Structure formats: C-alpha cells, structure tokens
1. Taking the Cα centre of the chain as origin, work out the dipole magnitude from +1 charges on Lys and Arg Cβ and -1 charges on Asp and Glu Cβ, in debye rounded to 20.
2. Net charge within 12 Å of V179 by Cβ-Cβ distance, Lys/Arg positive one each and Asp/Glu negative one each, not counting V179 itself?
3. Run the accessible area of the range 59-123 with a 1.4 Å probe and give the carbon-and-sulfur part as a rounded percent.
4. Y157's amide H: which non-local residues (gap 5+, or another chain) put their own amide H closer than 5 Å, with H modeled 1.01 Å from N in plane and none for Pro or chain starts?
5. Just name one of L185, L153, V203: the one whose Cα is farthest towards the positive end of the charge dipole of the chain (beta-carbon charges, Lys/Arg +1, Asp/Glu -1).
6. Which entry in [x] 16.7, 46; [y] 16.4, 55; [z] 17.3, 51 matches Rg and Dmax of the Cα atoms in Å derived from the coordinates of this structure?
7. How much of the calculated P(r) for the range 55-155 lies past 24 Å, in percent of all Cα pairs?
8. Counting alpha carbon pairs within less than 8 Å and at least 6 residues apart, what relative contact order, in whole percent, applies to the chain?
Amino acid sequence: MLPFWIALQFLSSLPVRLSAMPEPKALGSSLLFYPLVGLLFGLILWSLNALLLGTPTLLHAALLLSAWVLLSGALHLDGLADSADAWLGGFGDRERTLTIMKDPRSGPIAVVTLVLVLLLKFCALLALIEQQHAVLLLIVPLIGRAALLGLFLTTPYVRAGGLGQALADHLPRTAGKQVLGISALACVLIAGLSGLWALVLAVLVFVGGRQMMMRRLGGTTGDTAGALLELMEVAVLVGLAVF
C-alpha cells in the first residue's frame, strides 16, 4: 500500500506523512493510485454536500469549492497559475516558457486565470446543486487525477531529474492503461450517461491540452500537468451543468 500513501501525500493536504523518501519504483507505482485518490476526494465532497443540504445555495457552493481547493492544498491551481504566466510571457519560446514556470511569483495573467477558473467552478457547482446532481461530485475529481496518469503514460517529461522524472521513468505502463480503463468504467457505472458525457469532455480537453504542450515544450512538466487537471475539471463541471 506504500504507493497509495505516496499518491495521497503528494496529491492532498490530508495528514499523511511518510517516514522516508520512497524508492523510485514506488514513486512510479504511485501514479496508478491517482484515480483512487480522486475518487476519495469525490466521496469527501459528496458527503460534505449531503451535510450541507438546507444551507443557502450560494454558501453551499462556496463551501464545497473551498473544501475542493483545500483538499489538494491548491497544488494544481499553483501549476495553472505558473503555466498561464509562462504561456503568455514565453512568446512561443520553449526555454523562456520553462524558465518562467520556475519563477514562484505570479503575474496578472496568472491571477486573472485563477479568478476565472474558480468563478466557473463555483457557478457550475451552484448549478449542479440546484439540479440535484450531487453524484457528479464523485466522478469529476476522479477524472482529473486519472488525466495525470494518462498524461504521464502518453507524454514525455521535459525536466530532467526530480520527482516528475522518477514518476515518468518508473510508471508500470501496462497496469497504467488498465487503471485508466477501470476509471472510465467506474465513471459510467457511477453516473450513467452523464459519466459518459463527462468522459467525452475530458478526452477533448486532454487531447487539446496535450497538443499545446507538445507544440510549445515537446512534453509536460509538473506545472502543465496541474494546469491540465484544473482545466479539465472546470470544463467537465461546466459541460455537465449546461448539458
């Protein structure tokens, strides 16, 4: 179960602390448990939603969104902010883009991007609450974290060394494809046609985001992986709320 605890520690702000740095093989295997961590997030959000029934709707949606952000420690929002700054400030240049992503400071484009993404998430959550489609809270975090597994399966990691390189180098690829298949099946079993529609939206965002990364960087980084997860979650939430 060590790979699961690695995944949970890395992806969440839950009080999980490993006693020592894991071996590279365990790091790679932890990617297989990313969708399970997403499902755990979904269960927490679904349970919180049930506890908040009867709360004023705007406050209900705000508390759900706050819990969603806190669960991940805003890890992927940070990647989205860095990627937004780099994509604009990089002017199409690979090395400049990678350099800007390493800068911990956030520029105006990062702030605007975060505000828009969180606003869309909030409004989509509000719509889903009003439509009483709480079951969808189970699958959106699962899809987002399964996308990280899919990205590392299909896309080169462009920063040498570090955690991301260990994940990419030691990922069990056959098992990874099987986990993706199981994750997709779970979405359909949990949410039916809505789950299928969510998968279609997720694939469209994944393909478009991956193409952008390949054109600009020739692969992915931790920041662009986080950005993809956030953009996929908001696209799926909005798509489910609208359709």
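The values are calculated or read from the model by the stated rules, or taken from the named source; none is laboratory data. These figures come from a predicted structure and were not determined experimentally. We place every Cβ from the backbone using ideal geometry, glycine too, and count neighbours over all the protein chains shown. Heads up: the accessible areas ignore ligands, DNA and RNA and are worked out on the full protein's heavy atoms, side chains in. Shrake-Rupley method; radii C 1.70, N 1.55, O 1.52, S 1.80 Å.
1. Numbers: 14 positive and 12 negative charges, 82 e Å.
Around 400 debye, computed over the chain.
2. Every neighbour counted, the sum reads +3.
3. Numbers: 2420 of 3310 Å².
Percent of accessible area from carbon and sulfur atoms in the range 59-123: 73.
4. T220
5. Positive-end residue among those listed: L153.
6. [z]
7. 36
8. Details: 351 pairs, mean separation 69.6, N = 243.
Once divided by the residue count of the chain, the mean separation gives 29 percent.
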